[in-house]
Amino acid sequence: MVQEHTIPPATTAAPPGTADIAAFKAQLSAAREALFARFDRGEPVTELVRRWSNDIDAIISATWRRFMPDGSEAAVVAVGGYGREELHPNSDIDLLILVGEGQAAYLGEAIGALVIFLWDLGLEIGHSVRTVDECRHEAADDITIVTNLLEARLIDGDAPLFECMRAAVGPDSIWPSEAFFAAKREEQRKRRQKYGDTAYNLEPNIKENPGGLRDIQMIAWVTKRHFGADSLHQLVEQGFLTETEYLALCEGQALLWRIRFALHRLTRRREDRLLFDYQRTLANEFGFTDQGDNLAVEQFMQQYYRAVMELNRLNEMLMQLFQEAILLHDQIGPPEPVNKRFQVRSGYLEVTHPQVFARSPFALLEIFLVLQQRPELLGVRARTIRLIREYRHRIDDDFREDVRARSLFMEILRQPRGVTAALRRMNSYGVLAAYVPAFANIVGRMQYDLFHVYTVDEHTLRLLRNLRRFTIPEHNGEFPLCSAIAQRVPKQELLYLAGLFHDIAKGRSGDHSLLGAREAWDFCQLHYLSEYDSRLVAWLVEHHLLMSMTAQRKDIADPVVIQAFAEQVSDLNRLDYLYLLTVADSRATNPKRWNSWKDALLRDLYHAARRALMRGLDNPQAQDDLIEQKQREAMRLLALEGIDADDCRDLWSRFGMDFFTPSSPEEIAWQTQRILVTAPDQLPLVVIRPLASRGCTEVFLFSRDEKNLFVRITALLDQRALNIMDARITTTDDGFAVNAFQVLGPDHCPIDQGDDTEALRESLLAALRRGDGQQPVVNRRLPRQHRHFPVETRVSFSEDTRNQRTMMRLSTLDRPGLLAEIGSVFEACDIRLQSAKIATVGAEVDDVFFISTQDGAPITCETALTCLRKAIHERLESSAEKRS
């Protein structure tokens, strides 16, 4: 065990005066400023981190000699990144104070004074005090400690004691190479799992994410432990890396170090997260400028993502080579032939000869097909991965025109298993971007918003994975409707092609959907697809946003909306493909934002459009007929509950059509029953219930109509961080308000029934009973990330004459209390709100409000609309100023 030392103030030396501390601080400050000046001059960051380590060495050595008695059996040792001489401006300075047996008590006061003095200088010191024996015991029990000590470097003090410690924790004493590598590999697996097994996060951790600095350190640790090497270049000498790969590793590390160095300087603290707060500033500092639609920050992040992708590939290759050398001792077993070009060795696929790809370039695609057809294989041998990278330049125009290559690619998409894994490997090895040149542009391309949480290539591969899962019977329970449709579509490969090309034109000037459709059409024709199939794929790419935009921004309870959507789709086969593509795309864009509400919305639109197509596009359903059908079915359901038909008719006669239009017969029956069984003296009525059919929770209110009613309700819901997805507001002829809000909790899931919902119900009842029109204060803060996305407020109007209303579309920055603010404007402008559809895309809301005059007529006066637009802008600007 490490002894716990209580360190009193130093008494062995005269305590340093203020002047001494000031002198050291001045020395430290001057060294830091000189370091930053060198960074700005473009000096290699590899030299800067070493220089800073040396500067800190000088200060620690000077203080060590000042505080420690002469001839002390003790040493001060740098460990961790400091031990590697990779110290960044605000990195923790990890020290091991190594003491001889029985010396801890004697040196305790001096050590305490030393550490306090270093802290007084403003250095972030992390230290431990151990004997050699304690080092050996602690390191034997903890892989983290032995890793730290592996990088130990003597700063000052007893050199023989230091060498004794190094021998005590060496591989001959504890953690032999095999055990060390296995433990570090498991540590890496857990770390990657923690970060989602992807380097493509919006705000990546440049140290801990896959492909980050920790992966490079992992290579260095294994190299040092197994080979006793202090330089990564010895991996070239040992045959693990080529010179080109070594240079790529060094370049990747240098880029990450430059970013980390700049982060430390910008934040004035230890910071490894590339947050939105810093990305724009760093992009400018690194010399990137906006180029049309290609933002500087997106170029900067693409450089980062491509670097970590390459580092990730090198790490994967080296880990496999280390496994063969360290765990298998290069005993990898005899080859098992597959064909003339490939063989299997120890579960991994490899080429039969180093010249296979030179002689048969089409094998660059064939290897992925073989992996699909042999699912028992673990992957590709590292040396073969190297050959793929070396020969991928052979994938040129002649290669793409080779019928063998075209047939192989389509065969990969048509395989019953392994499609996603094959495409992911092809992307990792650079083959996909070589074979589909347009794909190269989206590799590592981010979109600077909160909606798209992955780079475009990673999003595309996740979409393809989602599509693939729909086709596998074992996953039928996840999305039953999608699975049923996917397993009956005639050609699943068309779905995969649409997914592959749907965002392939992102980052170019122009409409990415139209540009991508042209790319898809050309690709399909080159791969011998029929004109019908080619047109289907191109149509899906061009219209891949149609279904989600219709569901989220339009009133899909309106038969005219459904008819227009069905006419755009035009046939059932397209509808099936489009629905599958839309669900897979939505889930792959931001998994945390996918929820049961969106699922239900798309499902309802699919079923409604399917009914319209089966009925015939020349036979649209009239609104009146649809409402009559809903009323008949609702009446039947109410009769089963013992509700009198005449009572229903009396109640419904007080309602306008907007009560029936957006609701299902089941919702109409339930709401009608709740109102009829509630006595007038029991009003207001507030009921909160799960609404499984809509994938949300319904908050239903029936009360006397009052001033600011909508504002008070939405503010209360917002106070509790509830997400309002849909709002339906009906006012009866005799002055009652029927409000139905469909909400999700802070986690974007339906609210659990229990104490929280009862507390919410009581709060709503109290607000309704108070009746003073007072608006609750929404005091939730604007999320940190939202502050970095300036969103222009845009308000537009269109007339819905058939439904006697005006549609107002609002795009603005999402913020707490937004709906209440908009409701206040409606109240002030004497506007009647009929319903609202709420959609949030990252930091931006795209809400649609159906409004009218108090008499229920559309707002046609241009002056009134201009006034309303101005009032909304002023209100939102005022609230933004108060929050800033």
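The values are calculated or read from the model by the stated rules, or taken from the named source; none is laboratory data. Values in this document were obtained by computation on a predicted structure and should not be read as measured data. Heads up, the Cβs are rebuilt from the backbone with ideal geometry, glycines too, and the neighbour counts pull from every protein chain shown. We work out accessible area using only protein heavy atoms, side chains counted, and drop any ligands, DNA or RNA first. Shrake-Rupley method; radii C 1.70, N 1.55, O 1.52, S 1.80 Å.
At a glance:
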| read-out | value |
| --- | --- |
| Rounded if a/c under 1.5, otherwise prolate or oblate - region 244-300, Cα gyration tensor axes | oblate |
| Helix axis angle, 159-168 relative to the chain longest principal axis, alpha carbon, degrees | 60 degrees |
| Label-point gap, in nm, between Trp594 and Glu633 - each point 7 angstrom along Cα→Cβ | 2.8 nm |
| Packing-based order for 492-502, 106-116, 525-535, 797-807, using average beta carbon neighbours within 10 Å, highest first | 492-502, 106-116, 797-807, 525-535 |
| Order by protection proxy (mean Cβ within 10 Å, highest first), peptides 655-663, 471-479 | 655-663, 471-479 |
| Virtual paramagnetic centre 7 Å along Cα→Cβ of Arg761, amide N under 17 Å, in region 690-734 | 690-692, 697-703, 717 |
| Set of lysines near Lys190 by C-alpha distance (under 30 Å), chain-local residues within fewer than 8 positions excluded | Lys207, Lys224, Lys592 |
| Efficiency of FRET from Cβ geometry, Ser61 and Ser177, R₀ 45 Å, rounded to 0.05 | 0.85 |
| Nearest-20 debye value, the chain charge dipole, Cβ charges on Lys, Arg, Asp, Glu | 1260 debye |
| Per-residue SASA entry for Cys829, accessible area with 1.4 Å probe, Å² rounded to 10 | 50 Å² |
| Gain upon complete extension [Asp855, Met657; 0.36 nm per residue less C-alpha separation] | 69.9 nm |
| The chain - mean residue ellipticity at 222 nm from DSSP helices (-39,500 (n - 2.57) per run, n ≥ 4, rounded to 500) | -16500 deg cm²/dmol |
| Charge dipole (debye, nearest 20) of region 592-747; +1 at Cβ of Lys and Arg, -1 at Cβ of Asp and Glu | 760 debye |
| Spin-label model distance (nm) - Arg875 vs Arg720, 7 Å beyond Cα toward Cβ | 2.3 nm |
| Cα-based reach from Lys194 at 17 Å (exclusive), listing aspartates and glutamates while leaving out same-chain residues under 8 positions away | Glu186, Glu203, Glu208, Asp215, Asp272 |
| ³J(HN,Hα) computed for each position of region 369-374 - Karplus, 6.51 cos²θ - 1.76 cosθ + 1.60, integer Hz, glycine/proline x | 5, 4, 4, 5, 7, 10 |
| Cβ-Cβ FRET estimate between Ser811 and Asp133, R0 fixed at 45 Å, reported to 0.05 | 0.10 |
| Region 250-396, relative contact order [Cα under 8 Å, separation at least 6], % | 15 percent |
| Nearest 10 degrees, 0 to 90: helix 596-615 Cα axis against the chain principal axis | 50 degrees |
| Linear extension gain, Ala167 paired with Ile125, 0.36 nm per residue minus alpha-carbon span | 12.5 nm |
| Near-label residues of region 280-306 by backbone N, under 18 Å of a point 7 Å along Cα→Cβ of Leu266 | 280-291, 295-306 |
| Protection proxy ranking of 557-567, 294-304 - average other beta-carbon atoms within 10 Å, highest first | 294-304, 557-567 |
| FRET E, pair Leu377, Phe227, Förster distance 35 Å, beta-carbon r, rounded to 0.05 | 0.75 |
| Charged-residue dipole, Cβ positions (Lys, Arg, Asp, Glu), region 111-204 about Cα centre, Debye nearest 20 | 440 debye |
| Beta bridge orientation in the chain: antiparallel %, DSSP, nearest 5 | 90 percent |
| Cα-based helix-to-principal-axis angle, 104-120 vs the chain, degrees rounded to 10 | 50 degrees |
| Accessible heavy-atom area order of Ile21, Ile822, highest first, probe of 1.4 Å | Ile21, Ile822 |
| Rounded accessible area of Ser29 (nearest 10 Å², 1.4 Å probe) | 60 Å² |
| In nm, spacing of pseudo-spin labels at Ala622 and Asn476 (7 Å Cα→C-beta vector) | 4.3 nm |
| The chain, relative contact order [Cα under 8 Å, separation at least 6], % | 7 percent |
